[in-house]
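Here is the structure we will look at.
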Amino acid sequence: MDRYRIEDEESFSDFQYALDDYAPRAANLLAALRQSPHDAGMLAELMRLFHTIKGDAGLCRLAFVEPMVHAAEDLLSRVRSGSLPFDAALEQLLLLAMDRLELVVSELESGREVSLADFNRLIAEMSQLNDTPPALVEAQAWLVIKRLTGFLPQQPAQVTVSRSPQVDADLLYFRTLALQFEQRSLLFQGRTERNLLLAAACNEASTQPIDPLQLEAAVCMHDVGMMFLPEELWLKHGKLSDTDRLQLAAHPDWGADMLARMRGWEEAARIVREHHERIDGTGYPAGKRAGMICEGAKLLAIIDTFEAVILKHGQRRQVRSLLRAVAEVNACESQFDPAWIGCFNLVVRDMIARGFVLPHVR
């Protein structure tokens with residue numbers, strides 16, 4: 001099965017509702033088992049949870065789910081038998097599997113036919129891992145994760161930028177506004193610094209970099225328009241209504257309009273206005289396709305989605321893993337520009353290799 005469309009809306013909604021509970025439970029059990037890998041009770045609970053997910057998927061006629069869960073159960077069975085240690089690589093691989101399942105379910109919610117190519121590739125890799133000798137599983141699992149998250153072996157270059165006093169004053173103002181937004185929720189802690197670090201590093205890694213000052217301004221201002229909306233809307237847990245989505249879709253224009261009223265920040269305004277556009281034309285506010293979207297917006301879209309994943313994990317009180325967030329970003333094939341995804345992966349690979357930790361993210 002290479003593509004899938006919802007066959008039964010009611011059954012799909014039942015599974016989606018249950019998965020909203022199962023996914024964080026699985027993540028928390030995996031993290032706890034990593035700390036206590038010999039806890040038989042915890043392992044049994046995790047296996048029961050995966051079995052429940054498989055059973056629910058069968059009842060809801062979501063046949064594409066069962067092979068993934070079956071592959072995960074096979075790996076956990078080897079752990080239970082004592083033939084395979086439960087280590088960090090196995091934890092991250094199973095977290096990746098759950099994240100990819102959530103992504104597919106989220107995409108299906110749109111009503112469109114969804115490609116399962118990436119999801120099926122994960123299943124194939126996990127199934128092959130089940131036939132791997134125990135001594136080689138850890139190394140092979142890390143290789144699988146790297147293949148699926150698209151890491152590229154390059155190093156970013158350095159870019160030096162000079163600033164005028166007026167530009168410095170403007171950027172301080174933009175950063176102040178960003179920090180005001182950050183204070184609206186404990187879950188936003190570190191987001192401004194995190195976004196600026198990632199955006200700057202990705203830009204430096206590009207062969208055709210964006211004006212760094214314009215990018216810095218856009219990163220600070222891209223969500224400031226949210227402050228014109230009721231807090232209960234943009235801090236809302238769970239599914240958004242059509243009315244909610246329509247209101248949220250206005251925030252890029254508000255932030256862009258603020259920038260456009262200040263001399264010299266026209267490019268930053270355009271980046272902010274277009275950062276929710278998608279290369280397949282299904283984004284907002286204008287539904288622009290790849291060739292119509294500016295490069296800065298293509299990069300900011302990736303940074304913003306990464307941040308949304310971090311926020312999602314925080315809302316569920318899950319461990320906020322850099323690797324997991326990167327994996328989710330890479331799974332959105334139709335949403336992002338491949339060249340900028342390459343730069344993003346390049347930067348994260350370098351961060352992991354150097355042991356660098358983003359602010360408030362493991």
The helix 165-182 Cα axis meets the longest alpha-carbon principal axis of the chain at an angle in degrees, between 0 and 90 and rounded to 10, of 40
Answer in debye to the nearest 20: the dipole magnitude of the chain about its Cα centre, from +1 Lys/Arg and -1 Asp/Glu charges placed on Cβ, is 720
Rounded to the nearest 500, the 222 nm mean residue ellipticity computed for the chain from DSSP H runs (n ≥ 4, each -39500 (n - 2.57)) alone is -21000 deg cm²/dmol
When the charge dipole of the chain is computed with +1 at the Cβ of Lys and Arg and -1 at the Cβ of Asp and Glu, the Cα pointing farthest to the positive end, of 36, 286, 108, is that of 36
Taking the dipole of the chain about the Cα centre (Lys, Arg +1; Asp, Glu -1; charges at Cβ), the one of 63, 331, 136 that reaches farthest to the positive side is 136
Full extension between residue 240 and residue 31 adds, at 0.36 nm per residue less the Cα distance, a length in nm of 72.4 nm
Probe 1.4 Å, heavy atoms of protein chains only: per residue, the accessible area of the chain in Å² is 46
Cross-link reach from residue 239 to aspartates and glutamates, straight Cα distance under 12 Å and at least 8 residues apart if same chain, gives 20, 109
Most fluctuating of 281, 111, 58 in the GNM of the chain (C-alpha, under 10 Å) is 111
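Residue 140 to residue 38: FRET efficiency via 1/(1 + (r/R0)^6), r the Cβ-Cβ distance, R0 25 Å, to the nearest 0.05?
On the way: r = 22 Å, r/R0 = 0.90.
Taking R0 as 25 Å, the efficiency between residue 140 and residue 38 is 0.65.
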Ranked by GNM mean-square fluctuation in the chain (Cα springs under 10 Å), the top entry among 63, 218, 141 is 63
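Out of the total accessible area of the chain (probe 1.4 Å, heavy atoms of protein only), what percent is carbon and sulfur? Walk me through the numbers before you get to the answer.
On the way: 8840 of 16810 Å².
Roughly 53 percent, rounded to a whole number.
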Read-out Kirkwood radius over Cα pairs in Å, candidates (i) 22.2; (ii) 21.6; (iii) 29.8; calculated match is (ii)
With 0.36 nm assigned to each residue of separation and the Cα-Cα distance removed, residue 21 to residue 121 gains 33.5 nm
Taking Cα pairs closer than 8 Å and at least 6 residues apart, the relative contact order of the chain in percent is 17
One finds, for residue 66 and residue 189 with R0 = 45 angstrom and r their Cβ-Cβ distance, a FRET efficiency to the nearest 0.05 of 0.70
Out of 292, 227, 68, a Gaussian network model of the chain with alpha-carbon springs under 10 Å gives the largest mean-square fluctuation to 292
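The values are calculated or read from the model by the stated rules, or taken from the named source; none is laboratory data. Computed from a prediction, not measured in an experiment: that's the story for all the values here. Ideal geometry is used to build each Cβ from the backbone, glycine not excepted, and the neighbour counts take in all protein chains shown. These accessible areas exclude ligands, DNA and RNA; they are computed on the full protein's heavy atoms, side chains included. Shrake-Rupley method; radii C 1.70, N 1.55, O 1.52, S 1.80 Å.
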